[in-house]
Structure formats: structure tokens, C-alpha cells
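To start, the structure itself, in C-alpha cells.
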């Protein structure tokens, strides 16, 4: 099986457009992944959809990380911001 993996800078729609965020992106074929820094998912990658979002909400697991972890794009990496704990209905 021949697979190539590389990290490259994604400049959004073009490097001359200062309004588009840029990120270090891990590519595997046509799939693109943002690199997470800090928090419970430090060092892991998260799949990116079209474009380069400035915020990623990464779902946690009920056991390890209840809720959703928010990562914000700063300095080319998705850096940990907070954990949003889900609201539990009152009994």
C-alpha cells in the first residue's frame, strides 16, 4: 500500500488574501487534518471540512472528556481554548 503523508501550510483561498486564516495541515490523500495543540487531545489531528475554519469543536467521549473541546486557530495550529460541559436536564 502506497500512502503519503505530509504537513503543509494551508493558506485558504490564496496566500495574498489576508482575511483567510492559515493552518499547518496534515494531508493524507485528499483528506485534510488540523493539528490540535494542548488540552485533552494534544498532538492529535482532527478532520477538516471545506476551507480552514477558525474554530473547531471536537466532541469528547463520555468517559475521558465529557462535553466538547473548543480549539481556536492561532499561529497556524488549533490551540485548546475550553471544554464545554453539556447541560444535564434537571430531575
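The values are calculated or read from the model by the stated rules, or taken from the named source; none is laboratory data. Owing to the predicted nature of the structure, the values given are computational and were not obtained by experimental measurement. Backbone-built Cβ (ideal geometry, glycine too); neighbour counts: all protein chains shown.
So which of 8, 88, 32 ends up being at pLDDT below 95 and surrounded by 17 or more Cβ atoms within 10 Å (Cβ to Cβ)? Reasoning before the result, please.
Details: 8 fails: surrounded by 17 or more Cβ atoms within 10 Å (Cβ to Cβ); 88 fails: surrounded by 17 or more Cβ atoms within 10 Å (Cβ to Cβ).
None of the others qualify; the one that does is 32.
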Legend entry - Given (1) surrounded by 13 or more Cβ atoms within 10 Å (Cβ to Cβ); (2) assigned to a loop (DSSP other than H, G, I, E, B); (3) modelled with pLDDT under 90, number of the condition residue 83 does not satisfy: (2)
Legend entry - Any chance residue 43 is at pLDDT 85 or above, surrounded by fewer than 13 Cβ atoms within 10 Å (Cβ to Cβ) and not in a strand (DSSP E or B): yes
Legend entry - Enumeration of residues in the range 46-70 that are farther than 21 Å from residue 25 by Cα and either assigned to a loop (DSSP other than H, G, I, E, B) or touching a residue at least 60 places away in the same chain (Cβ under 8 Å) (or both): 60, 61, 62, 63, 64, 65, 66, 67
